[in-house]
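Reading through the structure tokens given below for one structure.
The values are calculated or read from the model by the stated rules, or taken from the named source; none is laboratory data. Nothing here was measured: the structure is a model prediction, and the numbers come from that model. With ideal geometry, Cβ positions are generated from the backbone for all residues, glycine too; neighbour counts draw on all protein chains shown.
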Amino acid sequence: MGFRSGYVSIVGRPNVGKSTLLNTLIGQKIAIVSPKAQTTRNTIMGIKNLPDSQIIFMDTPGIHRPLHKLGEMMVKSAIKSVENMDLIVYVVLPVLPDRREKDSIKKVIGKGTRCILAVNKIDTVKKDALLPVIAKYAGMFSFDGIVPLSAITGSGVDVLIMEIKKYLPEGPGLYPDDMATDQVERFLLSEIIREKAILNTRDEIPHSVAVEVIRWDESSADNMIRADANIYVERESQKGIIIGKRGRMLKKIGSEARMEIEDALGIKFFLSLWVKVKKDWRENPSFLEEMGIK
């Protein structure tokens, strides 16, 4: 069997661990993660380079019932991502499927593309509770494979990779073998800042936060990148939460983001953050497109 390469879309409902799975598959952090649902807003590419294959994974926003224009565009992006794919990996939790799960699966399979079911977070249940879940899914849909795994511990991930390789077409690699993602550094920084804002603030903040890197200056003689970014929220009260008492929260978000981007890129950063109110930005199509959400 010759070298194989192809595109694989990672799809599923919110908070099932798709981004964590992508990071584990690639072996480095490509997508931001948080306990909050609907963290992923853009389709993010991660490339797995192996001696006998190259797998191009596409991490997608969670499929859910949208409550605003942002949600509509996220769901549209997730469903569109399965088009022209060589394979779909549909990720679920180790619980019996409800009606919403069944409806979501129907939206992405049945179009002729092969689909592997990945039952994630098996480290959270006992084996005797997992078997009925697998049996239920197997009886509902004709998956090309069902793989129990844990994206956190890595258990079962190698099995998933072996299953994926079986369905990739023969052909050369499509990207350089030292490339792990197509995401540019500015986007990576904006996502890291958003992740730190999500993880450090209250429940009403995460979905109302957007980040735009407005300056990226590599011209410094001291081998340091200087970057400026705007953190957008929808309400004045949210702005106060992001800034925090005497600016402590904003400083914490900036410090954590700076340390992570320095570690990722191996270069020193000087990062400045501003918080701005963009009223109801999640319902503003032109602003969403400016932020790269299409």
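A few remarks follow.
- Filtered by the rule that a residue be among the charged types (D, E, K, R), within 25 Å of residue 43 (Cα to Cα) and either touching a residue at least 12 places away in the same chain (Cβ under 8 Å) or not assigned by TED's automatic domain parsing to the domain that holds residue 191 (or both), region 262-278 gives a lone residue, 278.
- Applying the criterion of being in a loop (DSSP other than H, G, I, E, B) and more than 19 Å from residue 181 (Cβ to Cβ) to the residues of region 1-33, the residue that is modelled with the highest pLDDT is 3.
- Pair list, Cβ under 7 Å, 6 or more apart: region 214-242 residue closer than 22 Å to residue 284 by Cα and charged (D, E, K, R), other residue exposed (fewer than 12 other Cβ atoms within 10 Å of the Cβ) and at pLDDT 90 or above: 234/279
- Of the set (1) outside the structural domain of residue 132 (by TED's automatic domain parsing); (2) surrounded by 15 or more Cβ atoms within 10 Å (Cβ to Cβ), all apply to residue 148 but (1).
- Answer residue from region 158-206, given it is of a type in the set (S, T, N, Q) and assigned to a helix (DSSP H, G or I) and is farthest from residue 57 (Cα to Cα) among those: 200
- Within region 111-129, restricting attention to residues that are touching a strand residue (DSSP E or B) at 6+ places or on another chain (Cβ under 7 Å) and at pLDDT below 95, the residue that is nearest to residue 23 (Cα to Cα) is 115.
- Scanning region 135-165 for residues that are polar (S, T, N, Q) and either modelled with pLDDT under 95 or over 21 Å from the mean Cα position of the chain (by Cα) (or both) yields one hit, 142.
- Residues within region 166-192 that are among the basic types (Lys, Arg) and under 22 Å from the mean Cα position of the chain (by Cα), tallied: 1
- Test result for residue 193, farther than 16 Å from residue 249 by Cα, of a type in the set (Val, Ile, Thr) and surrounded by 21 or more Cβ atoms within 10 Å (Cβ to Cβ): no
- Taking region 235-294 as the range and being β-branched (Val, Ile, Thr) and at positive phi as the test, no residue passes.
- Residue that is small (Gly, Ala, Ser) and within 20 Å of residue 82 (Cα to Cα), where the choices are 208, 155, 142: 142
- Residue in region 113-131 that is closer than 18 Å to residue 8 by Cα and of a type in the set (D, E, K, R) present: yes
- Taken over region 279-294, residues that are free of Cβ contacts under 8 Å to residues at least 60 places away in the same chain, outside any helix (DSSP H, G or I) and not acidic (Asp, Glu) amount to 1.
- Filter result for residue 231 (β-branched (Val, Ile, Thr) and either part of a helix (DSSP H, G or I) or loosely packed, with under 14 Cβ neighbours inside 10 Å (or both)): no
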